[in-house]
Amino acid sequence: MTSSFTMNSFLGKQILALVRQGNYAHAGEEEAIELAMAGLPKDPERTLLDAGCGRGGTAAYMQEHGWGHVTGIDIEPRSIENARKDHPGIRFETCDIAEVAGLFDLRFDAVTMFNVLYALADHKTALEALAKVACPGAVLMIFDYVDPSDYRRHEVREGDGAFLPNPIREDRIAPDLLDAGWSLLEKRDISDAYVDWYEQLVAKISSRRAEIEALAGSDGYESVLERYSGLLDVLRAGHLAGYVVYAERNE
């Protein structure tokens, strides 16, 4: 096995689940969920869509801890198969976010996205699609990477492309949401927490070297370590930020 895989592939998510010791592919694991969801009061009757759910750990955590009755979608079929196997009490569907309106008749009271938008080339189309399956007044929570202004000059590479290809532009958060049918409620810079989480993650990657090499080979291990060490460097330097964003579906 070589380093040709991406971290958003099934193998990449498998490695992250191993390192993070749970079905999480986003920064901060359970601590991040608690931080990001603190602005949404718990309500087990709420219908909640976790868009870009990966292997399902975040969806399961939110449901188990009372934030709502959760449905998860992800474009990667094997990740959804794994989510269904590990978290049978939750509905998981393979779906491109841009096509979500064709999958559901119901409308959701809340939508969450944990480190998802950065991987999508067209943020507006994704946000518009999610607005179509959200009730009027529904809350959208985005937990993601943000480009303060100059990330492109310092971006981390992954093979022939960017590791984080499309972080949210800080100056486009409010207008892009509004164009897609949402109104910004709050945006909060949590970059200090991101730095802490990635310091911990890089240390964990080093400690799990043998297990990562069993999955991806020595080149794969070196590639994973290089990507996340580089990401930590740009976060420390302020070329990339981490934000929690809350928005409301327009009437």
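The values are calculated or read from the model by the stated rules, or taken from the named source; none is laboratory data. A quick note: this is a predicted structure, and the numbers were derived from the prediction, not measured. Cβ coordinates were reconstructed from backbone atoms using ideal geometry, including for glycine residues, and neighbour counts include every protein chain displayed. The area values use the complete protein model at the heavy-atom level, side chains included, leaving out ligands, DNA and RNA. Shrake-Rupley method; radii C 1.70, N 1.55, O 1.52, S 1.80 Å.
Side notes on the structure shown:
- Restricting the range 103-127 to residues that are more than 17 Å from residue 53 (Cβ to Cβ) and surrounded by fewer than 17 Cβ atoms within 10 Å (Cβ to Cβ), the residue that is modelled with the lowest pLDDT: 105
- Candidate set from the range 128-161 (those that are part of a strand (DSSP E or B) and either among the basic types (Lys, Arg) or open to solvent by 40 Å² or more (accessible area, probe 1.4 Å) (or both)); member that is nearest to residue 96 (Cα to Cα): 136
- Some residue of the range 106-120 being assigned to a loop (DSSP other than H, G, I, E, B) and out of contact with any strand residue (DSSP E or B) (no Cβ under 9 Å at 6 or more places or on another chain): yes
- Residue list for the range 45-72, restricted to those being over 12 Å from the mean Cα position of the chain (by Cα) and β-branched (Val, Ile, Thr): 47, 70, 71
- Which numbered condition residue 231 fails, given (1) open to solvent by 10 Å² or more (accessible area, probe 1.4 Å); (2) under 20 Å from residue 4 (Cβ atoms); (3) of a type outside the set (D, E, K, R): (1)
- Residue in the range 207-224 that is surrounded by 15 or more Cβ atoms within 10 Å (Cβ to Cβ), without any contact (Cβ under 8 Å) to a residue 60 or more places away in the chain, assigned to a helix (DSSP H, G or I) and hydroxyl-bearing (Ser, Thr, Tyr) present: yes
- Residue count for the range 1-42 under the criterion of being part of a loop (DSSP other than H, G, I, E, B), open to solvent by 60 Å² or more (accessible area, probe 1.4 Å) and in contact with a Phe, Trp or Tyr (Cβ under 8 Å, 6 or more places away or on another chain): the result is 1.
One line per residue, one yes/no per condition, for (1) touching a residue at least 40 places away in the same chain (Cβ under 8 Å); (2) more than 17 Å from the chain's Cα centre (by Cα); (3) surrounded by 15 or more Cβ atoms within 10 Å (Cβ to Cβ):
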| position | (1), (2), (3) |
| --- | --- |
| 163 | yes, no, yes |
| 181 | yes, yes, yes |
| 193 | yes, no, yes |
| 238 | yes, yes, no |
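- Top-ranked residue in the range 43-94 [being part of a helix (DSSP H, G or I), farther than 16 Å from residue 116 by Cα and in contact (Cβ under 8 Å) with a residue 40 or more places away in the chain; ranked as most open to solvent (accessible area, probe 1.4 Å)]: 78
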